[in-house]
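A short write-up of the structure that comes next.
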Amino acid sequence: MSKVAFLTDSSCDIPADLAEKYGIEIACFPINLDGKEYIERRDFSNDEYYEMMREAKGVPTTAAITPLQWLEYYTRFADEGYTDVVHASINSGGSSTYDNAVAAAKMLAEERPDCQMKIRIVDSHTYSMVFGWYLCECARKVRNGASVADAVLEMEEKFARVEVCLAAYSLKQMKKSGRISAAAAFAGELLGLRPIISLNDGISHVEAKVRGDNAVMPAMLKWVHGRVDSMKDTPYMVAYTASKQRRDELVKLCKKEFGHAPMCVFQLGGAVSSNTGPDAIAVIFEGKPRRLCDYAPSLP
């Protein structure tokens, strides 16, 4: 009989109640701010962290979760008799955490050559509940009797489709993270320009720049409409940081434009907002497959 563990990192932003409900273990990122190290989900709430960022002299940095940390999880799972581990990881293009997990799996195989536990490490190519939602769905399906292989395959197919349209109302963290150049950030602050940024397959790109806060949300939805055939038939989510007013405004506008409510509204956590800043919003949706292999017909 199979016994399946579900594992991820704190960039997933899965709320504690959902993680407990689906039996998902979360390794938490260390975050350094003004020379002091904090552990996400332990040392502050999301709202506290946004205020910490506003008051800080510098910008936060995050460190990857190490191979030895992942090895501790894998070893414990093996000792507890798990037959399978489903490990969904932060985008490998933005953190070495995924590569460290792969290294840890190899270390376990070397240390315990007779261990039969199968470890499936999946690169989400994205961040936050953009992948956390689908990991919860994967865990739910396995708990309800689906095969691990089928549930993971479906999760990977979602990762190959999901897209993000993000806007930041302050550019301090965006400049530091490299999402936009220092020159663009300076010009943006000076002229009141706001970047509309896409995140697809782990790669971010500035799609447009609009002047003034009021133009941000309409520009976001215009870009989203251009990515799919019909948003009326497309599941989507809404993300926010500090401003519940902007969150509510975006949800209301999405309902009007798309004709249905988001399947999830979530708050960005410390690791993710360290790059977006405390004043960001986003629309997440299931677009078209972006890799050539996803268009190939299945062989009989």
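The values are calculated or read from the model by the stated rules, or taken from the named source; none is laboratory data. In this text the structure is predicted, and so the values were computed from the model without any measurement. Neighbour counts run over all protein chains shown; Cβ positions are idealised from the backbone, glycine included. We work out accessible area using only protein heavy atoms, side chains counted, and drop any ligands, DNA or RNA first. Shrake-Rupley method; radii C 1.70, N 1.55, O 1.52, S 1.80 Å.
Criterion first (touching a residue at least 40 places away in the same chain (Cβ under 8 Å), out of contact with any Cys (no Cβ under 6 Å at 6 or more places or on another chain) and open to solvent by 60 Å² or more (accessible area, probe 1.4 Å)) does Q69 satisfy it? Answer is yes for this residue.
Of T62, T83, all but one fail to be β-branched (V, I, T) and in contact with a helix residue (DSSP H, G or I) (Cβ under 7 Å, 6 or more places away or on another chain); the exception is T62. For the range 131-150, how many residues meet the condition of being free of Cβ contacts under 8 Å to residues at least 60 places away in the same chain and open to solvent by 20 Å² or more (accessible area, probe 1.4 Å)? The total comes to 8. Restricting the range 25-58 to residues that are of a type in the set (S, T, N, Q) and surrounded by 13 or more Cβ atoms within 10 Å (Cβ to Cβ), the residue that is nearest to V86 (Cα to Cα) is N46. Which residues, counting only those in the range 98-125, are of a type in the set (D, E, K, R) and within 23 Å of V162 (Cβ to Cβ)? The answer is D99, R120, D123.
For the range 161-173, state whether one or more residues are at pLDDT below 90 and open to solvent by 40 Å² or more (accessible area, probe 1.4 Å). Yes - at least one qualifying residue is present in the range 161-173.
Out of curiosity, is V102 touching a helix residue (DSSP H, G or I) at 6+ places or on another chain (Cβ under 9 Å), part of a helix (DSSP H, G or I) and under 20 Å from E286 (Cα atoms)? Here the answer is no, as V102 does not meet what is asked.
Residue-wise test of (1) more than 14 Å from the chain's Cα centre (by Cα); (2) open to solvent by less than 60 Å² (accessible area, probe 1.4 Å).
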| position | (1), (2) |
| --- | --- |
| T61 | yes, no |
| A78 | yes, yes |
| Y82 | yes, yes |
| M107 | yes, yes |
| K118 | yes, no |
| T126 | no, yes |
| M129 | no, yes |
| V152 | yes, yes |
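Beta carbons closer than 6 Å, at least 6 apart along the sequence or on distinct chains, pair a first residue in the range 224-242 that is under 30 Å from N46 (Cβ atoms) and in a loop (DSSP other than H, G, I, E, B) with a second that is open to solvent by 30 Å² or more (accessible area, probe 1.4 Å) and of a type in the set (A, V, I, L, M) for P235/M263. Under the condition of being at pLDDT 95 or above and open to solvent by 60 Å² or more (accessible area, probe 1.4 Å), which residue from the range 1-24 is nearest to A63 (Cα to Cα)? The residue in question is A16. Within the range 84-105, the set of residues being hydrophobic (A, V, I, L, M, F, W, C), surrounded by fewer than 23 Cβ atoms within 10 Å (Cβ to Cβ) and farther than 22 Å from Y134 by Cβ comprises A103 only.
Identify all residues within the range 243-256 that are out of contact with any strand residue (DSSP E or B) (no Cβ under 7 Å at 6 or more places or on another chain) and either touching a residue at least 24 places away in the same chain (Cβ under 8 Å) or under 9 Å from M217 (Cβ atoms) (or both); write none if there are none. Listed by number, the residues that qualify are S243, E249, L253.
Looking only at the range 19-30, decide whether some residue is over 20 Å from the mean Cα position of the chain (by Cα) and without any contact (Cβ under 8 Å) to a residue 40 or more places away in the chain. For the range 19-30, residues over 20 Å from the mean Cα position of the chain (by Cα) and without any contact (Cβ under 8 Å) to a residue 40 or more places away in the chain: absent. So which residues in the range 209-263 are surrounded by fewer than 18 Cβ atoms within 10 Å (Cβ to Cβ) and under 13 Å from Y169 (Cα atoms)? Across the range 209-263, the qualifying residues are K209, R211, G212, D213, N214, A215, S243.
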